[in-house]
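Just so you know, all these numbers are worked out from the coordinates, no wet-lab data involved. For clarity, every value in this text was computed on a predicted model and none was experimentally measured. Ideal geometry is used to build each Cβ from the backbone, glycine not excepted, and the neighbour counts take in all protein chains shown.
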Amino acid sequence: MTETEEIIYLTHSAAKHIRECLVDGYHIRVGVQGGGCSGLSYVCEAQEVELKGEHDTVIPYDTFDVVIGQKDMIYLKGMEIDYDAGLGGKGFIFSNPLATSACGCGESFSVT
């Protein structure tokens with residue numbers, strides 16, 4: 001495993017969903033922002049490729065890249081992103097080994 005592969009792991013289901021949703025010229029940016037009942041929330045959004053920063057970490061997948069900003073790296077290392085599309089599916093599911101607590105809905109987390 002390379003250093004970038006240890007930061008975030010996408011399950012087959014998550015990678016497939018991202019691949020189906022992204023158009024050429026876009027990558028997926030994953031990060032955190034303040035908010036939610038536990039203090040921090042995950043951000044996962046499509047972004048134009050030209051908007052990569054010089055301090056971003058880029059994790060290449062077959063047809064797209066996952067991009068993580070430098071300040072977000074400390075909160076995301078080792079995280080797994082899954083996608084649930086079944087009946088009553090939740091969408092993206094974030095499993096973060098660094099989170100010390102999470103809210104009941106799973107949308108926000110905290111670290112100590």
Among 78, 39, 31, residue whose mean-square fluctuation peaks in a GNM of the chain (springs only between Cα atoms under 10 Å): 39
Calculated from DSSP H runs of 4 or more alone, at -39500 (n - 2.57) each and per residue, what is the 222 nm mean residue ellipticity of the chain, nearest 500? -3000 deg cm²/dmol
Most exposed first, judged by fewest Cβ atoms within 10 angstrom, 90, 71 run 71, 90
Under a Gaussian network model of the chain whose springs join Cα atoms within less than 10 Å, the largest fluctuation of 66, 23, 58 belongs to 23
tail above 25 Å in the computed P(r) of region 4-110, as % of all Cα-Cα pairs, reads 17
